Structure formats: C-alpha cells, structure tokens
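What follows is one structure encoded as structure tokens, with my remarks underneath.
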Amino acid sequence: MDLESYAPGCFPALEGLYSHLLHLRQVVAREGEERYRMWQRYLSRPDFFPSARNLAHYLALRKHDLRPWQLELARFGLSSLGRCESRVLPNLDAVLATLGRLLGYGGPYPSEAEFFAGEARLKAATEQIFGPCERPRILVTLPEEASSDPSLVPRLLHAGANAFRINCAHGDAHTWARMVAEVRRRVGGHEVPILMDLSGPRGRIGTVWAAGRLHPGEFFLLGSKLRDESPHPFQATVEPPELLRGVMVGHRVILDEGKLQGLVEEVLPEAVKVRVTYTPPKGFRLRPEKGLNLPDSDLPLAALTPKDLRDLDFVAEEADLIGYSFVRTPEDVEALLKELEARSPKRLRGLVLKIETAAGVRNLPEILVAAAGRWPTALMIARGDLAVELGYQGLAELQEEILWLAEAASVPVIWATQVLDRLVKKGTPSRAEVSDAVLAARSECVMLNKGPHQEGAIALLADILGRMQTHQYKKAPRLRPLEVWAQL
C-alpha cells in the first residue's frame, strides 16, 4: 500500500517537511562551521574539539523557531528535535533519513556510536572532573569547623557527599590548609575532589551613615567616601570604590539580593544619587557588608582581584577544582589561565566557571569554549546573583537555556544556590525546595550550602537524585514502569 492511500494528504506534507529540514540542516552545518572556525584560537585540547563543533551547530539551530516543525514531526511519529542538545547534526540526519525512506529517497542513518557520542563525551567530562558516580554528584560547602572537628567530614561522606567546596571569601590559607588536610585524611582512596572558590570582585556596602530606614521614593547616596556637606540623610560608601565608574543615570542599583532596588537619578563627583523604587514593607536599613549589584552598568573591574591573586598561590597548590567567580568574558578566562600557567598547578583537575552576571550570560558560549578548549571545565549556575541581575522571571528561562548550552558543549553543570536551604538551616524542607531538588537532577552536580542540618539535607538530596535518575535524563523521560502510585 502506498503512502497516499494509507494516509491521504500526508505525501505533500512529508515532502514539505523533508525539504524544510534538509535546508535547515544545510544552514546549521554552514553557520556552525563558520562559528567553529572563529573559535579556533581558543582550542588546544583535542578532546573538546567535537563538543565545541556541536555547540556551534546548536547555536546555529536555535536561532530558528522550530515550534511548527515540532508539531509536524510528532504528527508522523518521528523524533522531534527537542532533545538534540548533544547531537545536533546526527539528530537532523536521523530524522531526514526516516523522512527520506518514507518518500522513497533512501539515505543512511547515523551509527549508534555517532548518535550517542555527545552523551558519552559529557559522561567522560563529568567523571574527569568529579569522579565516577551513578547519580548527580553532591557538592557540599564545608564550614570552618571541618578543620577542627574530626567527625564532620566522615559524617558528610556517609550521608552522600561526593565533593567539597571551600569558599575563599571566608577564612585564610592557614584555615583552608587544615580543612584540606582533614578531607584528604578522611576520604582515603576515594575520589572526592575539593573545589576552592576564588572570591571575585563582589560589590559591597562599606561605611554607612543613615538616619533610620529607606522607603520607596526616598533617596540615598553611594560614593567612594561619605560627604559631610551632603544634605542627604542616607549615605554609604562602596567597595571597591571603582565600582561606580561605569554607572549612568537610569541604571539599576540592587542591595542585599534585591531587598532594596533603586534607579540612579544623578551622577555626582565620586558618588551617585539613587532613588529607591522597592523595599520590604517596613523599609530597608543600610548596613555595611551588604551585597551590591549594578546589572545595567559596565563594571571596570578585573575578574581576578588582588585578593584572588594572593589566594591563588595556595589554591593552585592544593585545589582539585578552581571556582572562578563573576567571570564575564573570554578575556577573564584567559587572565586566569595565564596566572595558572605561571603557578604550574599540582593537582588541578579542572575549572568551575560561576555564571553570576548578565555579561557572563551574554558571553556564555565564548566563555565556555575559551575555558573548556584548554582545561576540563564545569559550569556553575549561581542562581542567587543571576536572580538579582535578571529578575526571577528571567532566571526561570535562563537556567534552562544554560543547561541546554552546557549539554551541547559536553560541559557538566553544577546546580547551585539555596538548594534545600530551609532543610539545611532549620531541619525541615519546604515543598517548593523539594521540587527544586527534583529539577536539579538534570544537572551533573548539585551544591549544598553550610548549615546545622547539612547531613540530613545531603541524605535527602541523595535519595531524590537517585530516584529521579530512573525517571529522567536531562530533558528525556526514561519511561520506567509506573510503580510509586501502586505502592501507596
């Protein structure tokens, strides 16, 4: 029976679908290769070459609105393109081969090895950085007590921790050395990497002079020093002072992870005048050390601060993984690589790029290639700072796109910021954060912050991640038999 007698009207639809997808495949291949050639100056690690090429093809593919063709593909029972992150051209070739055979054209299918090569590359990259594990890894932020409590690291390992993080924004080399030594002593022959996070150029409030609380509609000054002659009752200095050089009228000012939001009304010598647009109902009190974000401003700051350079002397000696905070451009990556080359790291397995700013998001493909083209690399979605910079609505979409881009590049992802935060701090989880932990299973690693109930949080997270591994891989459902509902 021919196709038209079996399904009237299908033949012209299939012809149109085949023609469109064939043209799309040609465009994606051509534009992807052009981008890949532009990246050659970053590429010196052969293991990453096919991943970089696939990322270039993915970016070319996702320039197009594929929604109408998704529906058409589904109507004929063909594979959609919705899970092609790790295999852009093989996925297109497989769909074209099936359409071609339906239309009598013939055409080869990609081999099994070629079709699943991207997944194999991601698995290998993840094991290279974090070591082997059947579920997503759990990265635990170590408190300083780990340097003096010999029972803490074994308890965290027993609960399910797979890697440890030391935040270089706190403590000093003497404390870090004791923490590192304690981990090395307790893990034995197991692969438990230590990530050391460089602090980076985080903006903060310095000295404060304020009369009460700020409310929407009021003004305050941010500057390099307090101004005695100013009539404003609310003033604060910023650290580092050069942070304000890129600020212009109309730019947003955000304090303490969004608790205060404002707009720059006037740029003054060595200061800016800010009109408050949002605070909590009871207002906002300016306090030293609160975080400062300037998401619209071109910040004239190097990603490696003088403190980072000092810390890097210790970190390059002792860390398995180096966390690079507030990376914004490929040039930031090259600056770190230059410093590492000068220090000849002893144990380093890879880099962890922390995507925390709007600029980092805009430059993400080139940042990924600049790093992974020379070192094994993972990506941390720092959702706290991203939410401040982009808003919660923007973060909702963006965290998905970062997962897709990283998968296309075979780069492991760390899902970070406030995972099971209430459980870690108070001992009981909220329903919303359990759902967030379920979403985290699409990453290769999940980070937990420190708190008095870390062990319980690790154990619960390990259980959730293990369960979800049987249900889903990335965006693809595994379709195991339904069992849970029948057991209730």
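Observations, loosely collected:
- Matching helices (runs of 4 or more DSSP H) fully within region 5-78 where at least 2 residues are in contact with an Asp or Glu (Cβ under 7 Å, 6 or more places away or on another chain) and modelled with pLDDT of 95 or more: 49-61
Rundown of residues vs (1) under 19 Å from THR357 (Cβ atoms); (2) at pLDDT 95 or above, yes/no style:
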| position | (1), (2) |
| --- | --- |
| TRP209 | no, no |
| ARG227 | no, no |
| VAL249 | no, yes |
| VAL264 | yes, yes |
| GLU270 | no, no |
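- Yes/no for PRO376 being in contact with a Gly (Cβ under 9 Å, 6 or more places away or on another chain), touching a residue at least 12 places away in the same chain (Cβ under 8 Å), farther than 22 Å from VAL419 by Cα and of a type outside the set (A, V, I, L, M, F, W, C): yes
- Residues within region 199-231 that are farther than 23 Å from PRO281 by Cβ, in a loop (DSSP other than H, G, I, E, B) and without any contact (Cβ under 8 Å) to a residue 60 or more places away in the chain, tallied: 8
- Residues located in region 337-370, provided they are within 29 Å of HIS251 (Cβ to Cβ) and among the hydrophobic types (A, V, I, L, M, F, W, C): LEU353, ILE355, ALA358, ALA359, VAL361, LEU364, ILE367, LEU368, ALA370
- Flag for GLU444 being charged (D, E, K, R), in contact (Cβ under 8 Å) with a residue 24 or more places away in the chain and touching a strand residue (DSSP E or B) at 6+ places or on another chain (Cβ under 9 Å): yes
The values are calculated or read from the model by the stated rules, or taken from the named source; none is laboratory data. Since the structure is predicted, the reported quantities are computational estimates derived from the model, not experimental observations. A quick note on method: Cβ atoms are made from the backbone with ideal geometry, for glycine too, and the neighbour counts reach across all protein chains shown.
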